[in-house]
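These notes concern the structure reproduced below.
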Amino acid sequence: MQLSCPMPKFDFDVITLGHGSGGLLTHRLLQTGVFDVFKNDLLDQQHDGASFELHGQVAFSTDSYVISPIFFPGGNIGDLAVNGTVNDLAMCGAEAKYLSLAFIIEEGFTMEEFWKVLVSIKEAANKANIKIVTGDTKVVEKGKGDKIFINTSGIGIIHPKAKIHHNNIEAGDSIIVSGNIATHGIAIMSLRKGLEFETSIESDTTNLNHTIIDLIEKFGNNIKFLRDPTRGGVASVLNEIAELTQLGFAIDQKLIPVDEQVDGACEMLGLDPLYVANEGLFMAVVKNDIANDFLSALQQQPCGTNAAIIGTVTSDHPGKVILKSRIGGKRVVNYLTGEQLPRIC
């Protein structure tokens, strides 16, 4: 990983329990690392919290990241933590503004790896145009964690044209996915012990907020619903909204975009791409009248090149998701049962 910020000289090569004591080592770690890297007017106050003004309807989201391994093709736990929360806000129709950042670090975690995570967080935050304004650092004994866990909470301002809610969905609406599905999950699986296989697949982790705000500006409340299909994949999102709305969701397997390598890996591992996690992907339910224009606008965005309309909302089979297979048969797509692979995000 090529670092955009040179690593400073730390007192230790690894994180020690003293770095979580609240004393001198904690102070040096924060001053030399965190505060310098994420420097901004609000964080520079170095208070127990951040003080700021907000104008408009507010969205708030929080998430924790425990992915293993922490470095993977296309990203690491740092940029994943920023992108994940920024995207959750975007799915509410909100422009991300402020982020809290909390680390739980295992004793023995190297300073070099910690620095790589910090730099990736900074770069992801800059790309998403969000400020890190408060946070926390804790250190646990060796064997009580797994290198590093991260929690992020975000606040954003909802776009005045956004009316994102499952209650807005009606029969006849179109279902759109913003790109190739299952890429993130397969990128992680390719590194897992016992599952390693040769592949050039990289995680799709990225921020979606700029794209979403552009689409809301263009299409307003004709965008009925947005969701990023992370754990549980596309199938779980569709089941959630089918259950909430008691409408039917009909999707066509031939229309669902999947990278050829990802599709082959899923077949080899016995996985259905519909259930595999994504991190730089979103699903939209939009009014049918604007579906083609929405798709065309989305395909002009870097994250939407492979976007596709994959199905429609129907009054038939209420509360169920029905897939039309490549050979023309139909089957019910249920919730994911159990866990395909833990610690995926």
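Please identify the pairs in which a residue from segment 179-202 that is farther than 13 Å from Val262 by Cα and of a type in the set (Phe, Trp, Tyr) has its Cβ atom under 8 Å from the Cβ atom of a residue that is part of a helix (DSSP H, G or I) and modelled with pLDDT under 95, counting only partners at least 6 apart or on another chain.
Close Cβ pairs (under 8 Å, with a partner that is part of a helix (DSSP H, G or I) and modelled with pLDDT under 95) do not exist here.
Yes/no matrix, rows are residues, columns are (1) in a helix (DSSP H, G or I); (2) surrounded by fewer than 23 Cβ atoms within 10 Å (Cβ to Cβ); (3) among the aromatic types (Phe, Trp, Tyr); (4) modelled with pLDDT under 95:
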residue	(1), (2), (3), (4)
Thr26	yes, yes, no, yes
Asp41	no, yes, no, yes
Asp44	yes, yes, no, yes
Glu53	no, yes, no, yes
Phe60	no, yes, yes, no
Val82	yes, no, no, no
Val86	yes, no, no, no
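Looking only at residues in segment 88-111 that are among the aliphatic types (A, V, I, L, M) and assigned to a helix (DSSP H, G or I), which one is farthest from Val58 (Cα to Cα)?
Only one residue fits best here, namely Met111.
Among Met283, Met268, which is the only one that is touching a strand residue (DSSP E or B) at 6+ places or on another chain (Cβ under 7 Å), surrounded by fewer than 22 Cβ atoms within 10 Å (Cβ to Cβ) and assigned by TED's automatic domain parsing to the domain that holds Lys218?
After applying the criteria, what remains is Met283.
Just to be sure, is Asp173 more than 20 Å from Ala128 (Cβ to Cβ), in the same structural domain as Met283 (by TED's automatic domain parsing), acidic (Asp, Glu) and crowded, with 19+ Cβ neighbours inside 10 Å?
Answer is yes for this residue.
Consider Lys116 carefully, then state whether it is part of a strand (DSSP E or B), in contact with a strand residue (DSSP E or B) (Cβ under 8 Å, 6 or more places away or on another chain) and not assigned by TED's automatic domain parsing to the domain that holds Glu202.
When the stated conditions are applied, Lys116 does not pass them.
Pick out, from segment 232-301, the helices (runs of 4 or more DSSP H) lying fully within it that include 1 or more residues that are among the hydroxyl-bearing types (Ser, Thr, Tyr) and within 22 Å of the chain's Cα centre (by Cα).
Ranges flagged: 233-245.
Residues in segment 318-345 that are closer than 16 Å to Ile241 by Cβ, surrounded by 15 or more Cβ atoms within 10 Å (Cβ to Cβ) and either of a type in the set (Ser, Thr, Tyr) or modelled with pLDDT of 95 or more (or both): how many?
Here the count works out to 5.
Determine, yes or no, whether Ile155 is in a strand (DSSP E or B) and of a type in the set (A, V, I, L, M).
Taking the combined requirement at face value, the residue satisfies it.
For (1) closer than 24 Å to Gly84 by Cα; (2) assigned by TED's automatic domain parsing to the domain that holds His317; (3) buried (at least 23 other Cβ atoms within 10 Å of the Cβ), each residue gets a yes or a no:
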site: Ile186; (1), (2), (3): yes, yes, yes
site: His210; (1), (2), (3): yes, yes, no
site: Ile213; (1), (2), (3): yes, yes, no
site: Ile216; (1), (2), (3): yes, yes, yes
site: Gly232; (1), (2), (3): yes, yes, no
site: Phe249; (1), (2), (3): no, yes, yes
site: Val258; (1), (2), (3): yes, yes, no
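The values are calculated or read from the model by the stated rules, or taken from the named source; none is laboratory data. Keep in mind it's a predicted model, so treat the numbers as computed, not measured. Every residue, glycine as well, gets a Cβ built from its backbone with ideal geometry; the counts of neighbours run over all protein chains shown.
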